[in-house]
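To start, the structure itself, in structure tokens.
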Amino acid sequence: MRSSDESIIFGDSRIPKYQQVINLIKSDIELGIFKQGERIPSINETSEDFYLSRDTVEKAYNKLREEGILVSVPGKGYYVNTIEPTGQLRVLLAINKISAHKKKIVNAFVETLGEEVVVETFVHHYSAKKLERIINENLGKFSYYAIIPCFKNFSDQTQAVIEKIPSDKLLLIDKDIDDLKGKYKAVCENFEEDTRQVLTSALDVINKYEKLYFIFPDGNQHRPELITSFKRFCTEHHFDYCITNVFDPAWVRPKDLYLVVEDDDLVDIIKYCKNNQLAVGQDVGIISYNDTPLKEVLHDGIAVISTDFQKMGETAAQLILEKRSEKIHNPFYLIRRPSL
């Protein structure tokens, strides 16, 4: 580290030593000694160069990172930010798809953050490779990185890329990542326990059905915990059940109940019942995942297991605004409608 002011700092000045380190680095950046995107000396190197305690230097570097002047890359060190620090919060929001309930999350998230916060939204379409590219191209450019981590091809490599984001700048929404390192923020659902509890709460109406079907689509973008909770519920309450990834009309019998994840399967079941004089909610029951305005009116109302997506977006934004590193559970609930 070099500076024209080196000879007059770290003496008996009334300015705290960590603040003097801050002033020195800012001066070096202004003079062009450290350029945007360039690595600065490590905490240990600066500590040794100026005979300062490591804690003092670390405090200075953390303050510079909070101001957006520096960014830290785990395992590599501190770098001069590639964007000019303006004091304005900039948030990268990466979602898995564009859908009615994802729009609720995004709208609530943006509205709660307010007009002073810049939010740029990216869609990774369940692709870990796309998310990797989004992160690699934008690392160090945003104050926070909010990610909905639903993937078809999640891998250790993807997790390693996510872990490049400083944990205090990372926010997971809707779904957590097992074994992810660091103290990051999260607003997520407990898919396994919540589904079991919601189904148990509806036993008074589910008991009129003899066999339960769970149509769970191919691919691992959906949580396997949903299957675990469904099996557990059926076993505990002695229901005959079947788990399949496609709807087969040949299986449909009166007193069947269908739990569906994808809307395409929901439509297929309703069509079959309509064409075969089976009354939905009486002969055949249907419970869908994730509420939408259409499900509220479709076929007099489709029962849903859902979470409060608006609240999820609001809570995620509040974690950023209040600088809280917490993991918050956003619970499921059941909306009873005539299809059940």
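Some notes on this structure:
- Test: residue in segment 185-197 that is under 30 Å from ILE320 (Cβ atoms), touching a helix residue (DSSP H, G or I) at 6+ places or on another chain (Cβ under 7 Å), open to solvent by less than 30 Å² (accessible area, probe 1.4 Å) and among the basic types (Lys, Arg): yes
- Residues satisfying the stated conditions in segment 309-340, i.e. of a type outside the set (Ser, Thr, Tyr), under 24 Å from ASP265 (Cβ atoms) and more than 14 Å from the chain's Cα centre (by Cα): PHE332, LEU334, ILE335, ARG336, ARG337, PRO338, LEU340
- Test result for LEU113, touching a Lys or Arg at 6+ places or on another chain (Cβ under 9 Å) and either of a type outside the set (Ser, Thr, Tyr) or surrounded by fewer than 19 Cβ atoms within 10 Å (Cβ to Cβ) (or both): no
- Summed over segment 129-144, residues that are assigned to a helix (DSSP H, G or I) and buried (at least 19 other Cβ atoms within 10 Å of the Cβ) total 3.
- Considering (1) of a type outside the set (Gly, Ala, Ser); (2) surrounded by fewer than 18 Cβ atoms within 10 Å (Cβ to Cβ); (3) in a loop (DSSP other than H, G, I, E, B); (4) in contact (Cβ under 8 Å) with a residue 24 or more places away in the chain, the lone condition that ILE165 does not fulfil carries the number (2).
- Where LEU24 falls short, out of the listed (1) part of a helix (DSSP H, G or I); (2) open to solvent by 80 Å² or more (accessible area, probe 1.4 Å): (2)
- Within segment 254-263, the presence of at least one residue that is more than 26 Å from the chain's Cα centre (by Cα), at pLDDT 95 or above and not charged (D, E, K, R) is confirmed.
- Of the residues screened, ILE15 is one that is at pLDDT below 90 and part of a loop (DSSP other than H, G, I, E, B).
- Hey, ILE29 part of a helix (DSSP H, G or I), at pLDDT below 85 and of a type in the set (A, V, I, L, M, F, W, C) or not: yes
- Subset of segment 296-330 [open to solvent by 40 Å² or more (accessible area, probe 1.4 Å) and assigned to a helix (DSSP H, G or I)]: GLU296, VAL297, LEU298, HIS299, ASP300, GLN310, LYS311, GLU314, GLN318, LEU321
- Number of positions in segment 118-128 that are open to solvent by 20 Å² or more (accessible area, probe 1.4 Å), at negative phi and of a type outside the set (Phe, Trp, Tyr): 6
- Among the residues making up segment 168-181, a single one is open to solvent by less than 50 Å² (accessible area, probe 1.4 Å) and on the phi > 0 side of the Ramachandran plot: ASP174.
- The strands (runs of 3 or more DSSP E) found wholly in segment 37-106 and carrying at least 2 residues that are surrounded by 13 or more Cβ atoms within 10 Å (Cβ to Cβ), within 20 Å of the chain's Cα centre (by Cα) and not polar (S, T, N, Q) occupy 90-95.
The values are calculated or read from the model by the stated rules, or taken from the named source; none is laboratory data. As the structure is a computational prediction, the values presented were derived from the model and not from experiment. Don't worry about glycine lacking a Cβ; one is built from the backbone with ideal geometry, like all the others, and counts go over all protein chains shown. Side chains are part of the model used for accessible areas, which takes the heavy atoms of the whole protein and leaves out ligands, DNA and RNA. Shrake-Rupley method; radii C 1.70, N 1.55, O 1.52, S 1.80 Å.
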